[in-house]
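Take a look at the structure below.
Throughout, read-outs are computed from the coordinates displayed, never taken from laboratory work. Predicted model only: the values in this text are computed from it and were never measured. Backbone-built Cβ (ideal geometry, glycine too); neighbour counts: all protein chains shown.
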Amino acid sequence: MHDSETTDLIELQTRLIKRLGELGFTNRAHARVLAHQLAEISARSRTVHEQAIPLLLAMDARHRRAMAEATLALKNHLSAIQDSITDAQSSLDAFINFLLADSNEKQ
């Protein structure tokens, strides 16, 4: 992960943890995992959108090795995003269940 991604991740993770707390989602383990994984997905997605794809689009087709290296970096970002999505699933389900249970109690 690049420095800008790490900075984005930390800032967004902090904001997400605060928001989950404001919503009353006090399951600390799930809240930490959910905040971290969503922040990582967001930071890496921004890098793909702002750097990896524009680089691939701008590269001269004659520079095949450089294109392969850029594509490998893109693949690594996508794999990390996929891992984060997988890792977030149970915490996301816990958060959804929390929101639905809270919604049912208020009706």
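Where only DSSP H runs of four or more residues are counted, the chain gives -29000 deg cm²/dmol as its mean residue ellipticity at 222 nm, each run worth -39500 (n - 2.57). Across the chain, Cα-Cα pairs more than 16 Å apart make up 64 percent of the total.
As a length-normalised measure over Cα pairs under 8 Å and 6 or more apart, the relative contact order of segment 2-107 settles at 34 percent.
Along segment 14-29 the Karplus relation, 6.51 cos²θ - 1.76 cosθ + 1.60 evaluated at θ = phi - 60°, assigns HN-Hα couplings of 4, 5, 5, 4, 4, 5, 4, x, 4, 7, x, 7, 9, 6, 4, 5 Hz to successive residues, with x for each Gly and Pro.
Using the charge dipole of the chain (Lys, Arg: +1 at Cβ; Asp, Glu: -1 at Cβ; taken about the Cα centre), state which of S45, M59, I10 has its Cα farthest towards the positive end. Farthest towards the positive end: M59. Which part of segment 82-102 falls in the paramagnetic zone of L23, meaning amide N under 14 Å from the point 7 Å along Cα-to-beta-carbon? Output list for this probe position: 89-102.
Only Lys, Arg, Asp and Glu carry charge here, each on its Cβ (+1 for the first two, -1 for the last two); on that basis the chain has a dipole of about 160 debye about its Cα centre.
Of the options S91, L23, A101, report the single residue whose Cα projects farthest towards the positive end of the charge dipole of the chain (beta-carbon charges: Lys, Arg +1; Asp, Glu -1). The one lying farthest along the dipole's positive direction is S91.
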